[in-house]
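The values are calculated or read from the model by the stated rules, or taken from the named source; none is laboratory data. The shown structure was predicted, so the numbers you read here are calculated from the model rather than taken from an experiment. Neighbour counts run over all protein chains shown; Cβ positions are idealised from the backbone, glycine included.
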Amino acid sequence: MKIEIALEGKIKNSFIRDALQEYMKRMNGKGFRISVKESARIDFEKAVLLSEHGRKLDPDKLQDFFKMGREKEGITFAIGGPEGFARMPAKARTWAISHLTLTAELTAVVLMEQLYRCWSAEKGKFYVR
């Protein structure tokens, strides 16, 4: 399964980059290919946009979506810059990881941790709730 996390901006903090790389190391090559793309061009028709204004995402919904993505060619999650997305189509699929305001970098780490949770559950690994 291919999962792409597309950021409109750049990752500035090394500890964020380290955290993302750690999660990728844990999951890549084990039936998954996860990538993080900076300054990405986003296909708004196919991507799931992450915004504090989106529909609240709970772990069970993400797990279901994760399973559906296994049947497709992959999933792209898009994270906007400091001001959100420059343009957002009215029919875009928009989810909120949190209704708190998070930086794009921190949103990527929280998303990656939740994807790791889904991956762990699918592999039958114990995951602390």
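Entry remark, the range 86-118: residues being over 13 Å from the mean Cα position of the chain (by Cα), of a type in the set (A, V, I, L, M, F, W, C) and farther than 18 Å from A47 by Cα number 2 in total. Inspection of the range 49-59 identifies at least one residue that is surrounded by 13 or more Cβ atoms within 10 Å (Cβ to Cβ) and in a loop (DSSP other than H, G, I, E, B).
Just one of (1) in a helix (DSSP H, G or I); (2) within 13 Å of the chain's Cα centre (by Cα); (3) among the charged types (D, E, K, R); (4) within 23 Å of E122 (Cα to Cα) fails for D64. It is (2). From the list G69, G84, the lone residue that is closer than 26 Å to E122 by Cα, surrounded by 13 or more Cβ atoms within 10 Å (Cβ to Cβ) and modelled with pLDDT under 80 is G69.
Candidates K25, K10, K30, K46: the one that is in a loop (DSSP other than H, G, I, E, B), modelled with pLDDT of 90 or more and exposed (fewer than 15 other Cβ atoms within 10 Å of the Cβ) is K10.
Within the range 48-67, residues that are touching a residue at least 60 places away in the same chain (Cβ under 8 Å) sit with their Cβ atoms under 7 Å from residues that are in a helix (DSSP H, G or I) and among the hydrophobic types (A, V, I, L, M, F, W, C), at 6+ positions apart or across chains, in these pairs: L50/L111.
Summed over the range 87-117, residues that are among the polar types (S, T, N, Q), in a loop (DSSP other than H, G, I, E, B) and surrounded by 15 or more Cβ atoms within 10 Å (Cβ to Cβ) total 1.
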